[in-house]
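Read through the structure below, which is laid out as structure tokens, and then see the notes.
The values are calculated or read from the model by the stated rules, or taken from the named source; none is laboratory data. Since this is a predicted model, take the numbers as computed values, not measurements. Counting neighbours? That spans all protein chains shown, and the Cβs are built from the backbone with ideal geometry, glycine included. Quick note on the areas: whole protein, heavy atoms, side chains included, nothing else; ligands and nucleic acids left out. Shrake-Rupley method; radii C 1.70, N 1.55, O 1.52, S 1.80 Å.
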Amino acid sequence: MIDSFFEPLGAVAHAHIRDLDDGRCLGVRETEPVILVSVVKVFIAWEFRRQVEEGLIDPGAPVRVTAADRLGGTGTAGFRHDATLSVEDLAALMMEVSDSTAADLVTKHIGAKALRSLPARLGLEGTRLIGSPRAILEHVADDLGLSDLEALAHVLANGAVTTEELRGTSAWDPLRTNVSTAADMTAFLDHVWAGPEPVRRDVRTWMGRQLTGGRLTRLAPSEVRSFGRSGSLPGWLNEVAVWEWPDGRRHAIAVFVRIGRGNFREVELAMSRAALHLTEQLGSR
């Protein structure tokens, strides 16, 4: 049934749902690798909040964001002037408006090694974390024979590189970028929701304030409370979320979609339709 939502759109879905109370699961292609794009930020956020809880990071530590840090996009990534924010505020911006510069700076605080080791520590066998958005973009620049991120920004702004050329770079290759599976993502969300209350509370709050997603909730009942994190590249639309129902049910849902056309609005509706269908199927078992 899931495939019937996407095949007419020229898209292929990898989807999974997990009941956070009884552990029941359903999915399609849920163990196949998918690229994370900005979904990686939920891992960065959890590791940051874990280290804060263990006293390894001062959440109020001031961080200077300069022109050299800016990657372009939302939040501090698109600021015109230098600014000083707490590392905790940067974590919030990373999650709520998908600020990629904030993600880089938070990753510096938690340590790239801690991020890379996270999947093994949590037993997520299908997940590999290479680094923050800057690390991924640096690989793309190298793949295209460009000297640095400034040169990459220039060719992107001027349309000097095609979508096909970009899709041939490491950011689109599950073997060379941040990668997971739909099943690993729902397992990770299960870990977050079952973890220490202060950590869960902040990650849940940030996911609940996401302004750049909501793909899975397009067709969800209005009484459902959704906490999500999305990601996208040309050719990929992703979102993971936890839905909390009025009757107490809690479902972790992950939908990653490879698309072949520019019909992203239709695909987003299909993603929401798939999420709703999975909850209905899980409830009927």
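Only one of these conditions is not met by ALA160: (1) open to solvent by less than 40 Å² (accessible area, probe 1.4 Å); (2) farther than 23 Å from LEU115 by Cβ. Which number is it?
Answer for ALA160: the failing condition is (1).
Condition test on LEU216, is it under 19 Å from ARG18 (Cα atoms), touching a residue at least 12 places away in the same chain (Cβ under 8 Å) and part of a loop (DSSP other than H, G, I, E, B)?
Spelling it out, LEU216 is indeed under 19 Å from ARG18 (Cα atoms), touching a residue at least 12 places away in the same chain (Cβ under 8 Å) and part of a loop (DSSP other than H, G, I, E, B).
Identify all residues within the range 97-115 that are surrounded by fewer than 20 Cβ atoms within 10 Å (Cβ to Cβ) and under 23 Å from GLY208 (Cβ atoms); write none if there are none. Let's see the steps before the verdict.
Of the range 97-115, the ones surrounded by fewer than 20 Cβ atoms within 10 Å (Cβ to Cβ) are 97, 108, 111-114.
Within the range 97-115, VAL97 is the sole residue that qualifies.
Do the conditions hold for SER226, that is, is it surrounded by 15 or more Cβ atoms within 10 Å (Cβ to Cβ) and in contact (Cβ under 8 Å) with a residue 40 or more places away in the chain?
On the way: surrounded by 15 or more Cβ atoms within 10 Å (Cβ to Cβ): yes; in contact (Cβ under 8 Å) with a residue 40 or more places away in the chain: no.
So SER226 does not fit the description; no.
Tell me the residue from LEU129, LEU137, LEU166 that is touching a Ser or Thr at 6+ places or on another chain (Cβ under 9 Å), of a type in the set (A, V, I, L, M, F, W, C), in contact (Cβ under 8 Å) with a residue 60 or more places away in the chain and open to solvent by 20 Å² or more (accessible area, probe 1.4 Å), please. Walk me through it before giving the result.
Working: LEU129 fails: open to solvent by 20 Å² or more (accessible area, probe 1.4 Å); LEU166 fails: touching a Ser or Thr at 6+ places or on another chain (Cβ under 9 Å).
Just a single option satisfies the conditions, and that option is LEU137.
Might you let me know whether the range 264-276 holds any residue that is among the polar types (S, T, N, Q) and either in a strand (DSSP E or B) or open to solvent by 10 Å² or more (accessible area, probe 1.4 Å) (or both)? Talk me through it step by step, then tell me what you get.
If we filter the range 264-276 for residues that are among the polar types (S, T, N, Q), which is where we start, we get 272.
Among the residues that remain, those that are also either in a strand (DSSP E or B) or open to solvent by 10 Å² or more (accessible area, probe 1.4 Å) (or both) are: none.
No: the range 264-276 contains no residue that is among the polar types (S, T, N, Q) and either in a strand (DSSP E or B) or open to solvent by 10 Å² or more (accessible area, probe 1.4 Å) (or both).
All but one of (1) at pLDDT 95 or above; (2) open to solvent by less than 40 Å² (accessible area, probe 1.4 Å); (3) closer than 23 Å to MET207 by Cβ hold for PHE6, so report the exception by its number.
(3)
Considering only residues that are open to solvent by 50 Å² or more (accessible area, probe 1.4 Å) and assigned to a loop (DSSP other than H, G, I, E, B), which ones fall in the range 9-29?
Once the filter is applied, which keeps residues that are open to solvent by 50 Å² or more (accessible area, probe 1.4 Å) and assigned to a loop (DSSP other than H, G, I, E, B), the range 9-29 yields ASP21, ASP22, ARG24, ARG29.
Out of all the residues in the range 38-58, is one or more surrounded by fewer than 20 Cβ atoms within 10 Å (Cβ to Cβ), at pLDDT below 95 and on the phi < 0 side of the Ramachandran plot?
No, the range 38-58 contains no residue that is surrounded by fewer than 20 Cβ atoms within 10 Å (Cβ to Cβ), at pLDDT below 95 and on the phi < 0 side of the Ramachandran plot.
Taking the conditions exactly as written (closer than 11 Å to PRO133 by Cα, of a type in the set (Val, Ile, Thr) and open to solvent by less than 40 Å² (accessible area, probe 1.4 Å)), does THR76 satisfy them or not?
Details: closer than 11 Å to PRO133 by Cα: no; of a type in the set (Val, Ile, Thr): yes; open to solvent by less than 40 Å² (accessible area, probe 1.4 Å): yes.
No: the conditions fail for THR76.
Just for the range 170-190: of the residues that are of a type in the set (Asp, Glu) and part of a helix (DSSP H, G or I), which one is farthest from the chain's Cα centre (by Cα)?
Within the range 170-190, the subset of a type in the set (Asp, Glu) is 173, 184, 190.
Now restrict to residues that are part of a helix (DSSP H, G or I): 184, 190.
Details: ASP184: 13, ASP190: 15 Å.
Here the residue is ASP190.
State all residues of the range 229-263 that are part of a loop (DSSP other than H, G, I, E, B) and either in contact with a Leu (Cβ under 7 Å, 6 or more places away or on another chain) or open to solvent by 40 Å² or more (accessible area, probe 1.4 Å) (or both); if no residue qualifies, say none.
Our first condition is that a residue be part of a loop (DSSP other than H, G, I, E, B); within the range 229-263, this holds for 234-235, 245-249, 260-263.
Answer for the range 229-263, where residues must be part of a loop (DSSP other than H, G, I, E, B) and either in contact with a Leu (Cβ under 7 Å, 6 or more places away or on another chain) or open to solvent by 40 Å² or more (accessible area, probe 1.4 Å) (or both): PRO234, PRO246, ASP247, GLY248, ARG249, GLY260, ARG261, GLY262, ASN263.
Confirm whether ASP202 is of a type in the set (Asp, Glu), in contact (Cβ under 8 Å) with a residue 12 or more places away in the chain and in contact with a Gly (Cβ under 8 Å, 6 or more places away or on another chain).
Values: of a type in the set (Asp, Glu): yes; in contact (Cβ under 8 Å) with a residue 12 or more places away in the chain: yes; in contact with a Gly (Cβ under 8 Å, 6 or more places away or on another chain): no.
So ASP202 fails the test.
Given the conditions (1) in contact with a helix residue (DSSP H, G or I) (Cβ under 6 Å, 6 or more places away or on another chain); (2) assigned to a loop (DSSP other than H, G, I, E, B), report the number of the one that ASP58 does not fulfil.
(1)
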